[in-house]
Amino acid sequence: MDFELLSVKFTFTWGFSVKAPHVSAAQFSALLPPPSTLIGAVAYGLAKQLNWPECELSGRTRASVAKRAAEFIKSAHFGLEKTLDGGRPMHWVDITRVSALPFLEEKYREPNWKKTWFGIHGFGKVIMPNAKGRVVFVVDSELAHEKLGEKWRVLLEQSAFSMISLGSKEGFIAVDEVDMKKARILKERVKTAYYFPTSAMLNCYPRPEELESSGFWFHGPTSSHWLAGGSQRPVDIIPYT
């Protein structure tokens, strides 16, 4: 099985906002963009080039078309570059007026209960203006060729250049550099700026407890994360370091 690495370097405009699916409106953003968000960002360019729809049927429910990209993008890894003018990620909360109607009982939707129709919530986001980010997508070459055709490398590179945002709330980015190269196995100690599954770590320095860690939901094509609506929450949470 052959793999290639699609590398993308970019600059954040102000930051981003990514919240876990199927949770309340008042919640902090993830401190770093999860793998599924990264896959969705590059899948947007593929959808534009190949005329994919925004959603497609998956059984009896709708699913994000980004799951097509998740079939051949086996993993995605985010990292931050050290720069003098780039900011570090910092949690921030905007106070937002939100419609509460979808969460109210039927009797409270009558006009005489209008004062209960809106509420105040904190909208979580991460602020890091001018920060330099980078992403590596691990691409299954055979599957990418099967799904995208002979020009799959060109399609992926063009899609990477067309990435305009991460997450919601207009988390705009400006792509600076795109590169694709063959993946190879290194059998020695390595230093990396990218996050990775904690289970892949062995004899780490600094010690694991000294590093930032987080749990991201499974992002494979069979994950319920790609499904629209419903109350089912992704159950497969993968620890990342």
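The values are calculated or read from the model by the stated rules, or taken from the named source; none is laboratory data. This is a predicted model, so every value here is computed, not measured. Quick reminder, even Gly has a Cβ in these numbers, built from the backbone with ideal geometry, and neighbours come from all protein chains shown.
Some values worked out for this structure:
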| quantity | calculated |
| --- | --- |
| Unique match (being in contact (Cβ under 8 Å) with a residue 40 or more places away in the chain and either touching a Phe, Trp or Tyr at 6+ places or on another chain (Cβ under 6 Å) or acidic (Asp, Glu) (or both)) among LYS147, LYS132 | LYS147 |
| Residue under evaluation ASP140, criteria (1) in contact with a helix residue (DSSP H, G or I) (Cβ under 8 Å, 6 or more places away or on another chain); (2) within 26 Å of GLU54 (Cβ to Cβ), criterion not met | (1) |
| Among residues of the stretch 157-197, those that are more than 24 Å from GLY15 (Cα to Cα) and among the hydrophobic types (A, V, I, L, M, F, W, C), counted | 5 |
| Counted residues, the stretch 135-167 - those being of a type in the set (Phe, Trp, Tyr) and within 21 Å of the chain's Cα centre (by Cα) | 2 |
| Every residue from the stretch 115-147 that is over 18 Å from GLY220 (Cα atoms) and aliphatic (A, V, I, L, M) | ILE120, VAL126, ILE127, MET128, ALA131 |
| Qualifying residue in the stretch 88-102 (condition: within 16 Å of ALA43 (Cα to Cα) and either at pLDDT 90 or above or not polar (S, T, N, Q) (or both)) | no |
| Candidates VAL178, VAL190, filtered to the one that is of a type in the set (Val, Ile, Thr) and part of a loop (DSSP other than H, G, I, E, B) | VAL190 |
| Selected residue (criterion: surrounded by the most Cβ atoms within 10 Å (Cβ to Cβ)) from residues of the stretch 178-197 that are over 18 Å from LYS132 (Cβ atoms) and without any contact (Cβ under 8 Å) to a residue 24 or more places away in the chain | ARG189 |
| Only one of SER75, SER58 that is over 18 Å from the mean Cα position of the chain (by Cα) and polar (S, T, N, Q) | SER58 |
| The stretch 72-102, subset in contact with a strand residue (DSSP E or B) (Cβ under 8 Å, 6 or more places away or on another chain) and of a type in the set (Asp, Glu), residue nearest to LEU148 (Cα to Cα) | GLU81 |
| Residue within the stretch 150-163 that is assigned to a loop (DSSP other than H, G, I, E, B) and of a type in the set (Phe, Trp, Tyr) present | no |
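Here's the yes/no breakdown for (1) farther than 23 Å from LEU32 by Cα; (2) not aliphatic (A, V, I, L, M):
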position	(1), (2)
SER162	no, yes
LEU166	no, no
ILE173	no, no
LEU186	yes, no
